[in-house]
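Just so you know, all these numbers are worked out from the coordinates, no wet-lab data involved. These numbers were taken from a predicted model, which means no experiment stands behind them. Glycine also receives a Cβ, built like all others from the backbone with ideal geometry; neighbour counts cover every protein chain displayed.
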Amino acid sequence: MKFIVLALCFAAASALTADQISTVQASFDQVKGDSVGILYAVFKADPSIQAKFSQFAGKDLDSIKGSAEFASHAGKIVGFFSKIVGDLPNISGDVDTFVASHKPRGATHDQLNNFRSAFVSYMKAHTDFAGSESAWGATLDAFFGAVFAKM
Ligand code: HEM
Ligand SMILES: *[C@@H]1O[C@H](CO)[C@@H](O)[C@H](O)[C@H]1NC(C)=O
């Protein structure tokens, strides 16, 4: 019995169901308009990520947050996140695009894990996350797992 329960848990984590996909898409729809807030949460959680951006390195986060440049970068990053969410479950092309652009930038596993947890904290603060937490977990495992396998 224990074995069967374990096997089922494993199967559920490794493949996304149609239900999980629609849950994640509906959840992301609630926050995708706040790209500045999402990028702010990421930079706040791990200043070493901000430091990789030549135009933002060494600057005070609260003073750059309102700039057009910040909004433009936030829009790109959250726009790509929207693409990933929209492409579920087949995100292999997005994973390849991300690895090709970010491996040369030296984005580390620590930074990516911090990005992930900052995003999850943001979602907890801005949505009713209880109903979508496990679907997001499976989605983020799928994306970051595939990325980590390649960089
Ligand atoms: C956590 C570590 C990360 C670091 C250190 C990092 C760093 C960078 C840097 C330095 C740029 C170039 C900005 C410029 O044009 O001046 C960039 C661009 C970009 N990043 Fe990231 N990034 C990270 C994570 C992510 C994640 C998780 C996503 C989305 C899933 C993402 C999406 C993008 C996009 C769409 C662009 C613009 C297109 C491009 O130039 O590739 N980044 N990133
Ligand atoms: C998944 O997406 C990739 C890249 O966009 C594509 O080449 C591949 O055929 C797709 N696979 C499936 C099973 O749809």
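Can you say whether SER27 is surrounded by 13 or more Cβ atoms within 10 Å (Cβ to Cβ) and small (Gly, Ala, Ser), as far as the supplied structure shows?
Spelling it out, SER27 is indeed surrounded by 13 or more Cβ atoms within 10 Å (Cβ to Cβ) and small (Gly, Ala, Ser).
Of all residues being polar (S, T, N, Q) and surrounded by fewer than 18 Cβ atoms within 10 Å (Cβ to Cβ) in region 31-54, which is nearest to ligand 1 (Cβ to nearest atom)? Just the residue, please.
SER54
What is the number of the single condition among (1) closer than 22 Å to ALA45 by Cβ; (2) in a loop (DSSP other than H, G, I, E, B); (3) in contact with a helix residue (DSSP H, G or I) (Cβ under 8 Å, 6 or more places away or on another chain) that ILE77 does not meet?
(2)
Condition first: under 15 Å from SER82 (Cβ atoms), touching a Phe, Trp or Tyr at 6+ places or on another chain (Cβ under 9 Å) and of a type in the set (Asp, Glu). Now tell me which residues in region 12-46 satisfy that.
ASP34
Output the residue which, of all residues in region 109-120 that are loosely packed, with under 15 Cβ neighbours inside 10 Å and more than 10 Å from the chain's Cα centre (by Cα), is farthest from ligand 2 (Cβ to nearest atom).
Once the filter is applied, the top-ranked residue is ASP110.
Tell me which of these ALA107 doesn't satisfy, since it passes every other one: (1) closer than 22 Å to ALA142 by Cα; (2) part of a loop (DSSP other than H, G, I, E, B); (3) more than 11 Å from ligand 1 (Cβ to nearest atom).
For ALA107, the failing item is (3).
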